[in-house]
Amino acid sequence: MNEKKKSKKKNRVIMRSVILFLLIAAIGYTLYNNATAEDVSVLKVGDQAPDFKLVDLEGESHQLSDYKGQGVFLNFWGTWCKPCAKEMPAMDRQYEAFKDQGVQVLAVNIAQSDFEVQSFADQYKLSFPVVIDKTKSVMTAYNIIPLPTTVLVNPDGEIQRIITGEMTEQDIEGFMEEIKPQ
Amino acid sequence: MEKKQCQCGHVNPPGTILCESCGRSLTEKEQNSKLVDMRYEGTARRSQTYNKSIIDKVWNFFSSVKVGIGIIVALLVAAAVGTILPQEQYVQVPVRNEATIKAYYSDVYGEVGRIYHYLGFHDLYSSFWFIILVGMLAISLIIASLDRFVPLYRSLKNQRVLRHESFMNKQRIYGKGQAPEDVLEKAETKLKELKYNVTLDKNGLLAEKGRFSRWGPYVNHIGLIIFLFGVMLRMMPGFYVDETLWIREGETRAIPEAPGYALESKKFQLETYTGEEKDGAFSEAVDRVGSVVKNYQTDIVLYKKAEDGLPGEMENMEEVKEYPIRVNQPLKFDGFAVYQMDYKQNELKAMNFALTNKESGDSLGELTIDLINPEKFYELENGATVELKGYYPDFSGFENGEPQTATPLPNNPGFLVEMTTPETPKGETSFILIRNTIEPFGENQFKLEFQSAETRNVSGLTVRKDKTLPILGLGGLIFMIGVAQGMYFNHRRFWIQQKANGEIVLAGHTNKNWFALKKDLDQVSEFASLPAYSDQQEDIEMRMKKEGEEAL
């Protein structure tokens, strides 16, 4: 009788512990999801960079996966965005220095007209390819909100770093060094 | 607490009020009361019985109805406080981020606003303590239900037909007296006719009807828990999407949160009632307020990227369908619904100019500058050309002599043009703004004279996906079934015993609707000549009322 009572009590405690644990775990999980809800679809460092294909001003297609083995310096920008314009010349200079070391720059304009983008590229004499995301589908896939945003893709096609806001020339140099193939 | 052995010999779990077997009162309080407490059939709520380990203590906390009601009240108060100041999403700030929203509350509402924001009332449903409270409510629902349902189920399942007289005479409906010999058989016949389940045992009878109504509250709680589970899923990625998409006529845009899909807006239209409809619809209202909207509509084409397509590949999109999105007639695809929510009319799209000789006023021809996708060269008659040197869709002034644009939208377009005519082969430069022309390199012979503008409309669409709706619906349905079960059906029981001396003892109980119970009993009494019964609670109330009146 006493044995039976003991085992019954033990079962009760186990049963209750399991139920409480499951319920508290559910609340914990909900809290976690709530805390991270804002950046659910935001890309994280270490993720595979979503592949895309955009056309540049010369009519040439650029597919991200074609640059596997190289570091890709992906810069999202617009002509109206002043910090974007400010960092362009520095990016161009560093591109000249790093392009032979396996670093590619792709400047992704957000859905502006060919005329505006071409004028801008001519004005700043940009030597790297400038592509236009006409439907904002790449912007959506990368969940880009502020401009400029720069996504560093390493030679394995993974996201190395995401930078929002203006970069100095020193920053740019350091970032290119980071994604340079070994 | 110890197990309780009843006089009848049955051993009851600790905390039992009425013996599970015979129905005798087991507690002193119960023995002294006039009527028995029939809640949960006098069984022990499981958690009351032991209070030993920490797990048991936590369990008992949530098992308490008082705690449950406390949580509900706390949620109600929090929800009410959350309506005092506007919620975060309705706050207007120029740039939306944590810092500006925080600043908004303290700037506009002072110290109160600062505390309000600090405590998370500005985004109540996402604040961690609100979620914890809702979670605690779910725990309370589950544990309190389990603790009550299990003993109640057991005791109703193992009901005895013969109960001790002290159980019978403490029921609200009670009667005792002489009756004919065949009273039990007759009562059984009539009760069966009234759709009661009748069980016989020796000299006694138990008639029961509508036991399932006792499960109503528990079914109801299951519905609530399913509902809360659905709400919890909403916060998980992929279950719930609520995004805004502004799209201009002629544009193709990727649909946010719907990878691989894009929308093209063909046209937005707003139709109004003229007040002169044949059926006279809204004519009064049109007279009174000027215009009544008949229809908001965006004609769209839905595209899906090809199997091997990539983001950005325009040529690799397949047309899925054309559809006019109207209010309450969303575009539906792949679990998504796109609703017509907002609009802006008459955004500039193109401007027409005439190249004219300022002196003579003669026109050398007209040209149209597309503000969305401008061309570089424009050839006119007589060999005159205009070259667009710069385009500033939302001109905001000069910086170091450079024209600036504030946004990519053509709100205030500015153009830098070079006009070449046979008369001015070297070309003349002009900077054109709406209602203003600047000639930076001296007086020109020619000018671009504004003729007319073309506009386009913008649609504000909302992209929604809610995979939790079927779960919420199921929860709601089960909730309502539980409510109906508990509210519209009653659990009615009669106990009738024939003593050795031929005397009949009868008792009746229901969880609600005593009137109907008495009506049933009256029918049985008449048919089987049962002794008269009384409603003991009414008797007690009458007596108390009388005593009260006498005291006055």
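Each reported figure results from applying straightforward, stated rules to the coordinates on display, with no laboratory input. From a predicted model like this one, the values you see are computed outputs, not experimental measurements. Note: ideal-geometry Cβ built from the backbone for every residue, glycine included; neighbour counts use all protein chains shown.
Name the longest site-free stretch of chain A, where the excluded sites are GluC sites (Glu not before Pro) in a DSSP loop with no more than 14 other beta-carbon atoms within 10 Å. Please list the in-between numbers first.
Working: sites that count: A:Glu58, A:Glu60.
Longest stretch, sites excluded: A:61-182.
Over the stretch B:348-454, Cα pairs under 8 Å with separation of 6+ residues give a relative contact order of 29 percent. Pull out the extension gain between A:Lys180 and A:Gln63, defined as 0.36 nm times the separation in residues minus the alpha carbon to alpha carbon distance; nm, one decimal. Extra length from A:Lys180 to A:Gln63 when fully extended: 40.2 nm.
For chain B, hydrophobic long helices are taken as DSSP H runs at least 20 Å long by C-alpha position along their axis with mean Kyte-Doolittle hydropathy of 0.5 or more; these are B:65-81, B:128-157, B:216-234, B:469-488. Here's how it looks for B:His164: its modeled amide H is under 5 Å from those of B:Gly23, B:Arg24, which are all 5 or more places away or on a different chain.
Straight-line cross-link reach from A:Lys82 at under 23 Å between alpha-carbon atoms covers these lysines, not counting any fewer than eight positions away in the same chain: A:Lys125, A:Lys134, A:Lys136, B:Lys389. Under 20 Å of direct C-alpha separation, and excluding same-chain neighbours fewer than eight residues apart, A:Lys9 reaches these lysines: B:Lys3, B:Lys4, B:Lys52, B:Lys57.
Partner shielding of A:25-35 amounts to 6, given as the average count of beta-carbon atoms from other chains within 10 Å of each residue beta-carbon.
In terms of packing, defined here as the mean over residues of other Cβ atoms within 10 angstrom, the peptides B:70-80, B:117-127 line up highest first as B:117-127, B:70-80.
From helices alone, chain A scores -14500 deg cm²/dmol at 222 nm; the rule is -39500 (n - 2.57) for each run of n ≥ 4 DSSP H residues, then divide by the residue total.
Mean partner shielding of peptide B:372-381, defined as the number of other chain Cβ atoms within 10 Å of each residue Cβ, is 2. Pull out a ≥ b ≥ c, the square roots of the eigenvalues of the alpha-carbon gyration tensor of the stretch B:228-344, then state rounded if a/c is under 1.5, prolate if not and a/b is larger than b/c, and oblate in the remaining case. The shape class here is oblate. For A:Lys68, a cut-off of 12 angstrom between C-alpha atoms picks up these aspartates and glutamates, skipping any fewer than 8 places away in its own chain: A:Asp51, A:Asp156, A:Glu158.
Taking other residues whose beta carbon is less than 11 angstrom from the beta carbon of B:Cys6, and scoring Lys, Arg as +1 and Asp, Glu as -1, yields +2. In this rough spin-label picture, where each label sits 7 Å from Cα along the Cβ direction, the A:Phe21-A:Glu173 distance is 5.6 nm. Cα centroid separation, the stretch B:357-428 to the stretch B:437-464: 10 Å. Note on A:Ser127 and B:Asn411: the model spin-label points, each 7 Å out from Cα along the C-beta direction, lie 3.8 nm apart. Relative contact order of chain B: 18 percent, from C-alpha pairs under 8 Å at least 6 residues apart in sequence.
Between B:Val320 and B:Leu302, B:Tyr303, B:Lys304, the built amide H atoms are under 5 Å apart, and every one of these is 5 or more places off in sequence or on another chain.
Sorted on the mean count of surrounding Cβ atoms within 10 Å across their residues, most packed first, peptides B:515-528, B:225-238 read B:225-238, B:515-528. The mean count of C-beta atoms from other chains within 10 Å of the C-beta of residues in A:15-24, rounded to a whole number, is 5.
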